[in-house]
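The structure appears below as structure tokens.
Just so it is clear, none of the values below were taken in a lab; they were calculated from the coordinates. Just so you know, these numbers come straight off a predicted model, no measurement behind them. Cβ coordinates were reconstructed from backbone atoms using ideal geometry, including for glycine residues, and neighbour counts include every protein chain displayed.
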Amino acid sequence: MKLRPGALILNAVLIGGAFLTVAPLLWMLSASLMPTGQANTSPPPLLPSRVTFEHYVELFTHLNLAQSFANSLLVSVVGTLATLVTSSMAGYAFAKLRFPGREALFRLLLTAMLVPAQVGMLPLFLMLKKLGLVNTYGGVLIPWLASVFGIFLVRQVAQAIPEDLLNSARLDGAGEWRIYRSIVLPNLGPVLATLAVFVFMSSWNDFLWPLVILSDDRRYTLPVALASLVGEHVQDTELMMAGAVVTVLPVLALFVVLQRWYIRGVMAGSVKG
Amino acid sequence: MSAGVGVAPAAAVDAGGAKRAPLAGPQARAGLALALPSVALILVFFFGPVLYGAWLSLTDFDIYALADPSSVRFIGLGNYAHAFAETDFWNALRITLVYAFVGAPISVAVSLAAALLVDAKTTRWKPFFRAVYFAPVVTTLVAVAIVWRYLYQPQYGLVNAFLAKFGIPRVDWLGDPHWALPAILVLAVWKNFGYNLLIFVAGLQNVPRELHEAAELDGARAWQKFWNVTLPELAPVFLFVSVTTVINYFQLFAEPYVMTQGGPLKSTNSLVLLMYEQGFRWWRLGYAAALAFILFAVILVATAAQMWLQQRRERAA
């Protein structure tokens, strides 16, 4: 398997590109393990002179990042579960069950994809303020409870469930709820896995909404905590890099493990237009 | 397929040939019940706020109204007039247009170039490259924006150290009004190009091989094949990618928020950042709502324009 010169150059360019792509992430990891102050020397060192975990320890002891980590986890897990439940139900209903107003409602939901999320954000804040949900987990969760994208995704897959399968269950006397639970849901397994990875990552990485709705640093999610931390600790490069690692590592690890599902979601998203 | 003849009056036959349930009865009830949670949540927490925001943008809702809602007055298009009279607004709009119409095309071009390389016949380890190039997409924007803030640091940052190897003098990337915006765009492209790359790779794999072979028989060069075969076949994918990417760049927020706070000299201030500052720092919620609707209108116009251009090109072809 010898490579010709053209192919050699091609693969070399790709390797160079791959290196440039991961370099910022590798440096983040490396700098997070450097002793305090080492990153702020010239010329900038690539590797720690001595590996230390002191910045991680400081983050989780003095700076209370464990709380933010738990907040992020809570919001992402609950948001993901909620979206799975609501989207699987609605996606199936819009695909397979005839009810009055179905087409009109579905078209209305699709128009939501045209409206930038920021348009509803300020008024939603005022609404939640009236409901006493500002600065609560419930407030952060609100946008993650249902998803037009999720409904759309599930609907596409649910449409392929054979009508005969549902009808024979009906003839056997199964109720609609039972059909949803024991016939439809198992058929939706793969698409729900895709949706789960997608929603989890988006809610984990979300910034603007939690920034708007949270004011108490004990409720901050990781991105908000990080953005506020950099205000006070801008000189502490190594500490900030440790914070970035803590924030990025869970989603990166999830991506590596669940790549297949995530990539499917990207592809499914690309046909929604 | 036409509606069935001789089928019981209550049921019709749809394209699949299956009996349709009537619009009342257990199926209809179940359908409504299953759709209800999502529909209700989206109506109450998305469409509701959007309509409320439309009204808000016509009022002088400010920090006093936050304490005493009865002090809110209807001021018609006053907030919009105010925006059009403000230099800050025009500045943010101009910068947002640069993000959208310089940043997004660069981003799409990088994605396409990388996709062509990854999809090339002689490329080895394709899944590996796809995964590596995609990795920044899944990272947390705030975290990597902070990382890049340090990479751009003039004295100790790796970017300057790397460029110094090629004899390029030190630049204060985020501190210089000429360089801060390009620096933010580099971060944004790095963060996002893997997403469109995946979509382009999928599109490239759908280009029929026979078309390439036919072009090769005609003696087409590589770039001719790209221009005359690949690009036209990719047109629908290209439209989707450019529309969604432009929309995303219109909404740029966390990058300038974390890296420059919109500075230096407001040279990186996006519309969403301006909206956030007006709304949540100065509590001018009426004005901020108007800014959100202006952004919405600009995005709609830009999207419609891209679709119209694409249609015209198709008709010309």
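Below, the figures for the structure above:
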| quantity | calculated |
| --- | --- |
| B:Phe84/B:Tyr64 FRET efficiency (R0 30 Å; Cβ-Cβ; nearest 0.05) | 0.80 |
| Chain B: most fluctuating residue of B:Asn79, B:Asn196, B:Asn160 per GNM, C-alpha cutoff 10 Å | B:Asn160 |
| Average beta-carbon neighbours from other chains, 10 Å sphere, peptide A:250-257 | 3 |
| Burial order of peptide ranges A:140-147, A:8-15 (average beta-carbon count within 10 Å, highest first) | A:140-147, A:8-15 |
| Label-point separation, B:Leu265 to A:Arg260 (7 Å along Cα→Cβ), nm | 5.5 |
| Signed unit charges on C-beta, dipole axis of the protein assembly as shown, positive-most listed residue A:Leu211, A:Gly91, A:Leu254 | A:Gly91 |
| Excluding exposed DSSP-loop trypsin sites (Lys or Arg not before Pro) (at most 15 other C-beta within 10 Å), longest clean stretch of chain B | B:222-317 |
| At least 20 Å along the helix axis (C-alpha) and Kyte average at least 0.5, DSSP helices within chain B | B:26-42, B:104-119, B:180-205, B:231-250, B:285-316 |
| Förster radius 25 Å - calculated FRET efficiency between B:Arg312 and A:Ala104, Cβ distance, rounded to 0.05 | 0.20 |
| Descending principal axes extents, the protein assembly as shown, alpha-carbon based, whole Å | 86, 77, 50 |
| Shielding by partners - mean other protein chain Cβ count within 10 Å, residues of A:201-210 | 4 |
| Members of B:Lys191/B:Lys266; B:Lys126/B:Lys191; A:Lys129/B:Lys266; B:Lys165/B:Lys266 lying beyond 25 Å, as alpha-carbon distances in this model show | A:Lys129/B:Lys266; B:Lys165/B:Lys266 |
| Chain B, relative contact order in percent, only Cα pairs under 8 angstrom and at least six apart counted | 24 |
| In order through the range B:266-271: 3J(HN,Hα) via Karplus (6.51 cos²θ - 1.76 cosθ + 1.60), integer Hz, x for Gly, Pro | 6, 6, 10, 6, 8, 4 |
| Under-5 Å amide H pairs with B:Thr59, H placed in peptide plane, nonlocal only | B:Ile75 |
| Segment A:Thr111-A:Arg50, length gained on full extension (0.36 nm per residue, minus Cα span) | 16.4 nm |
| Efficiency of FRET from Cβ geometry, B:Gln205 and A:Ser182, R₀ 30 Å, rounded to 0.05 | 0.20 |
| Charge dipole magnitude, Cβ of K and R +1, D and E -1 - the range A:63-270, Cα centre, debye nearest 20 | 700 |
| Shape call, chain A: gyration tensor on alpha carbons, a/c limit 1.5 | oblate |
| Summed residue charge, Cβ within 15 Å of B:Thr268's Cβ, Lys/Arg positive, Asp/Glu negative | -2 |
| 15 Å beta-carbon shell around B:Arg73, net charge (K/R +1, D/E -1) | -2 |
| Shape category assigned to chain B from the gyration tensor of Cα positions, a/c cut at 1.5 | oblate |
| Selection of chymotrypsin sites (Phe, Trp or Tyr not before Pro), the range A:7-110, meeting DSSP coil and at most 12 other Cβ within 10 Å | A:Phe53 |
| Ranked A:Ser87, A:Ser30, criterion: other C-beta atoms within 10 Å, fewest first | A:Ser30, A:Ser87 |
| Ratio of Rg to Rh over the range B:26-71 (Cα coordinates, Kirkwood Rh, two decimals) | 1.30 |
| Test item: B:243-256 mean partner chain Cβ contacts at 10 Å | 2 |
| Rounded to the nearest 20 debye, dipole of the range A:187-273 from Cβ charges on Lys, Arg, Asp, Glu | 580 |
| Within chain A, longest stretch clear of exposed trypsin sites (Lys or Arg not before Pro) (DSSP loop, no more than 15 other Cβ within 10 Å) | A:51-217 |
